[in-house]
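To start, the structure itself, in structure tokens.
The values are calculated or read from the model by the stated rules, or taken from the named source; none is laboratory data. Worth saying up front: this structure is predicted, and the values here are computed from it rather than measured. Because the Cβ atoms are built from the backbone with ideal geometry, glycine has one as well, and the counts that use them run over all protein chains shown.
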Number of protein chains: 2
Amino acid sequence: MYEGPVQDLIDELGRLPGVGPKSAQRIAFHLLAAEPADVTRLQESLQKVKEGVVFCDVCGNVSAETTCRICGDSRRDPAVVCVVEEPKDVLAVERTREFKGRYHVLGGALDPLSGVGPDQLRVRELMARIGSDGITEVIIATDPNTEGEATATYLVRMLRDFPGLNVTRLASGLPMGGDLEFADELTLTRALSGRRAV
Amino acid sequence: MYEGPVQDLIDELGRLPGVGPKSAQRIAFHLLAAEPADVTRLQESLQKVKEGVVFCDVCGNVSAETTCRICGDSRRDPAVVCVVEEPKDVLAVERTREFKGRYHVLGGALDPLSGVGPDQLRVRELMARIGSDGITEVIIATDPNTEGEATATYLVRMLRDFPGLNVTRLASGLPMGGDLEFADELTLTRALSGRRAV
């Protein structure tokens with residue numbers, strides 16, 4: 001296609017998720033025309049991430065320090081822990097501004113076909129936390145898909161043994177702003193079985 | 001949002017064209033989990049592009065050497081030159097496998113509102129080439145939009161003064177595989193006025 005360094009850059013960019021050949025080309029030519037300082041900034045942020053990102057010792061979220069901002073915040077309730085799959089899920093829950101507890105990031109969901117078992121997730125760390133930290137409620141907030149449901153079921157089984165611990169799960173049901181008519185069968189089934197008295 | 005280096009990387013990626021906040025986040029977490037060698041390869045290709053990409057002295061296309069593969073290929077007809085806006089247009093014409101001449105890359109199109117006049121494009125280089133290289137035909141293949149049309153009109157006026165030089169323009173008309181019913185008025189007008197005897 002192109003010759004030399006430009007094609008190398010297009011190839012490398014094309015390996016990134018969600019970047020097709022056309023986008024890779026567009027980004028490469030953008031970088032070609034960009035100020036060297038802009039390219040340097042991108043290089044430096046890649047370098048820092050490569051040198052190792054810090055994860056919070058407590059919750060496993062990406063962090064600037066060994067204890068993340070949320071785990072270090074004394075105004076957040078340490079007795080309630082929301083268990084999510086990925087750091088981006090923490091962000092999603094934080095955006096609601098409704099949750100005042102802390103988090104536990106598993107680092108994925110159970111997926112035996114891809115070789116992800118409980119040992120690949122931060123399950124042991126969760127058990128240790130619950131055993132020692134005075135936690136009274138664990139909210140399981142894994143994704144509402146096959147892997148997330150399997151992970152939730154597994155966690156519920158593991159957490160049953162802790163006396164006095166409330167284990168809850170995010171409600172399934174109709175998404176707000178949606179149309180009942182367009183809801184899939186599974187969502188509608190969940191919405192029906194989870195119906196509440198008003 | 002996130003803390004530290006991860007957010008920096010997301011911010012930098014989000015500045016790239018066509019990369020929204022969600023894609024930037026996805027790419028950043030992909031790079032976080034990627035092999036360090038993969039990140040290094042991306043960094044190195046950025047470095048090479050920043051250190052300066054070589055452009056062909058003759059046609060202005062991106063190149064590995066000071067003369068690009070096409071300009072250095074003696075089997076390509078040096079008498080026919082296809083004038084395009086950008087390196088990616090060379091690629092588009094090459095994909096047809098129909099053109100056996102050479103190229104001239106302008107480096108953009110006339111766009112006075114963005115401060116792009118003839119001096120910002122490689123117009124002077126084109127005139128010098130035509131004056132000395134024994135070129136018999138110039139095919140103007142700028143984009144079929146306002147800037148491309150303006151550039152074509154300007155080039156036609158400049159090239160009129162060369163005696164014995166054929167100046168041609170890519171045909172405008174209905175795109176193949178399209179529906180007449182969905183063609184816009186301008187395209188259909190061009191297709192009508194450019195109709196050919198069969």
Residues of the range A:65-90 satisfying the condition of being assigned to a loop (DSSP other than H, G, I, E, B) and closer than 22 Å to A:Gly52 by Cα:
A:Glu65, A:Thr66, A:Thr67, A:Cys68, A:Arg69, A:Ile70, A:Cys71, A:Gly72, A:Glu85, A:Glu86
Looking at the range B:1-15, which of the residues that are more than 18 Å from A:Pro17 (Cα to Cα) and in a helix (DSSP H, G or I) is modelled with the lowest pLDDT?
B:Gly4
Could you tell me whether any residue of the range A:136-146 is in contact (Cβ under 8 Å) with a residue 24 or more places away in the chain and in a helix (DSSP H, G or I)?
no
Specify the residue that is farthest from A:Asp77 (Cα to Cα); the eligible residues are those in the range A:91-108 that are part of a loop (DSSP other than H, G, I, E, B) and touching a helix residue (DSSP H, G or I) at 6+ places or on another chain (Cβ under 8 Å).
A:Gly108
Go through the range B:22-68 and count every residue that is at pLDDT 90 or above, at the interface with chain A (Cβ under 7 Å from one of its Cβ atoms) and within 19 Å of the chain's Cα centre (by Cα).
1
Within the range A:116-124, is even one residue of a type outside the set (D, E, K, R), within 20 Å of the chain's Cα centre (by Cα) and at pLDDT below 90?
no
When every residue in the range A:69-99 that is crowded, with 16+ Cβ neighbours inside 10 Å and at the interface with chain B (Cβ under 10 Å from one of its Cβ atoms) is compared, the one nearest to A:Val123 (Cα to Cα) is A:Glu86
Might you check whether a residue that is within 16 Å of the chain's Cα centre (by Cα), part of a loop (DSSP other than H, G, I, E, B) and touching a residue at least 12 places away in the same chain (Cβ under 8 Å) occurs anywhere in the range A:126-134?
no
Test: A:Leu13 is under 25 Å from the mean Cα position of the chain (by Cα), closer than 19 Å to B:Ala33 by Cβ and touching a residue at least 12 places away in the same chain (Cβ under 8 Å)
yes
Which residue out of B:Leu155, B:Leu192, B:Leu186 is over 26 Å from B:Val116 (Cα atoms) and either free of Cβ contacts under 8 Å to residues at least 12 places away in the same chain or part of a helix (DSSP H, G or I) (or both)?
B:Leu192
B:Arg122 passes all but one of (1) out of contact with any strand residue (DSSP E or B) (no Cβ under 6 Å at 6 or more places or on another chain); (2) surrounded by fewer than 16 Cβ atoms within 10 Å (Cβ to Cβ); (3) in the same structural domain as B:Thr96 (by TED's automatic domain parsing); which number fails?
(2)
Scan of the range A:16-33 for residues that are among the small types (Gly, Ala, Ser) and either touching a residue at least 24 places away in the same chain (Cβ under 8 Å) or within 14 Å of B:Ser23 (Cβ to Cβ) (or both), ordered by number:
A:Gly18, A:Gly20, A:Ser23, A:Ala24
Yes or no: the range A:144-161 includes at least one residue that is surrounded by 10 or more Cβ atoms within 10 Å (Cβ to Cβ), among the β-branched types (Val, Ile, Thr) and touching a helix residue (DSSP H, G or I) at 6+ places or on another chain (Cβ under 8 Å).
no
I'd like the full set of residues that are more than 7 Å from every other protein chain (Cβ to nearest Cβ) and in contact with a strand residue (DSSP E or B) (Cβ under 9 Å, 6 or more places away or on another chain), limited to the range B:1-21.
B:Gln7
